[in-house]
Amino acid sequence: MESSRVGIDSYCLNPLSLSACEILEWTAARGGEGVQFSEGNQAAEDTADPVFLREVADTRRDLNLYVEWGGGQHVPFNTTTWEERDLLDGNRRAAEAASAVGARVIRSCSGGFFRWEDTAPDTDTLVTAMAAALQPQRALFDDLGVTLAIELHFEFTTFELLRLFEMCDAEPGGWLGICLDTFNMLPMLEDPVAGTKRILPWVAATHIKDGAVVLRPYGITTFPTPLGGGHVDLPAILDLLDSVNQPVNLSIEGHGGSFSTAIFDAAFIERFPDLTGAEMDNLLRMGREGRELFANGDLRITERANWPEICEQRTASDLRYLKDLVSERSADPH
């Protein structure tokens, strides 16, 4: 089967304040094959500007790059006040813009840590509301040939998104899908390989990201690392992605920061009713290993404040790593 194409998410370069076309040019100059655009990298007025969209489409075509879009929405609430909000107009704008630039995917990010907040609705309530809001939008995405790819972020597990898809009467390969973030499953207490297996038929886009787990007295700290430097079994995940019917673009997402999950707080852990014993055991194993590596200085957290000074070097290095890994696997497919 055709190899997956390797590119970046524009969020990697957010501190540089580049235009969309400049990001495409930066990526192509370093051997990248495409860009997934986070919605924060374009002003809202630009995404509805036909001149801007035509420039992106022309640059993508001239450089022979894939493009995936942002701006999708799946949480029908203002997540600050928890008042209901309508998603249709925003999703229509994102889908039309995606279609105009030649993208078949729009990423949708929840953008919060709802499970960590006592003021947020419970997860079942959110999933039910999401299904009610999204199901009537099926024709919009079908008509434009665009998939709304919900990112595995810090709010919903693979188990819960599978229930959402069932409630929406959706089928894999259609209007609803997943943006598989290979790191974000760790703070959500899912083993990245096991989570990928669960959600595999639904993967429409990716955030390829490595990361580490460090055991703490309160639970675990997780944080992104350079590709190949953490606990995420990227070769195993690529094996799984190779097994799907169509190649999935591999978009690297890099950033700083760290995340805490209080796995020893019984009340908090009750918010993860699908957590399996096998995956918890695996996370604890990673955490013990990570604690030793961290103590020895072999694992380090990149603070978000320090990301701007290293973002170009890290992103270019990760691009080389992932392209080499994909190339090696294509030459020797087990």
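Listed values, structure above:
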| quantity | calculated |
| --- | --- |
| GLU117 being surrounded by fewer than 17 Cβ atoms within 10 Å (Cβ to Cβ), closer than 21 Å to THR261 by Cα, of a type outside the set (Lys, Arg) and out of contact with any strand residue (DSSP E or B) (no Cβ under 7 Å at 6 or more places or on another chain) | yes |
| Which listed residue is in contact with a helix residue (DSSP H, G or I) (Cβ under 9 Å, 6 or more places away or on another chain) and closer than 22 Å to GLU155 by Cα, from GLU253, GLU270 | GLU253 |
| Residue satisfying all of: in segment 79-130; of a type in the set (Ser, Thr, Tyr) and without any contact (Cβ under 8 Å) to a residue 60 or more places away in the chain; nearest to TRP175 (Cα to Cα) among these | SER99 |
| Tally, over segment 300-334, of residues that are crowded, with 17+ Cβ neighbours inside 10 Å and more than 29 Å from ILE23 (Cα to Cα) | 0 |
| Whichever residue in segment 255-299 is of a type in the set (A, V, I, L, M) and within 23 Å of PRO226 (Cα to Cα) and, among such residues, is surrounded by the fewest Cβ atoms within 10 Å (Cβ to Cβ) | ALA295 |
| Restricting segment 267-288 to residues that are assigned to a loop (DSSP other than H, G, I, E, B) and not polar (S, T, N, Q), the residue that is farthest from the chain's Cα centre (by Cα) | GLU270 |
| Answer from ALA278, ALA262, ALA267, ALA236 - the residue that is without any contact (Cβ under 8 Å) to a residue 40 or more places away in the chain and aliphatic (A, V, I, L, M) | ALA267 |
| Search result, residues across segment 1-42 that are of a type in the set (S, T, N, Q) and either part of a loop (DSSP other than H, G, I, E, B) or modelled with pLDDT under 95 (or both) | SER3, SER4, ASN14, SER17, SER19, SER38, ASN41, GLN42 |
| Segment 138-179, residues that are at pLDDT below 95 and touching a Cys at 6+ places or on another chain (Cβ under 6 Å) | HIS153 |
| Residue satisfying all of: in segment 132-153; among the hydrophobic types (A, V, I, L, M, F, W, C) and crowded, with 20+ Cβ neighbours inside 10 Å; nearest to the chain's Cα centre (by Cα) among these | LEU152 |
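The values are calculated or read from the model by the stated rules, or taken from the named source; none is laboratory data. Here the structure is a predicted model, which means the values were calculated and not measured. So basically every Cβ, Gly included, is an ideal-geometry build from the backbone, and we count neighbours across all protein chains shown.
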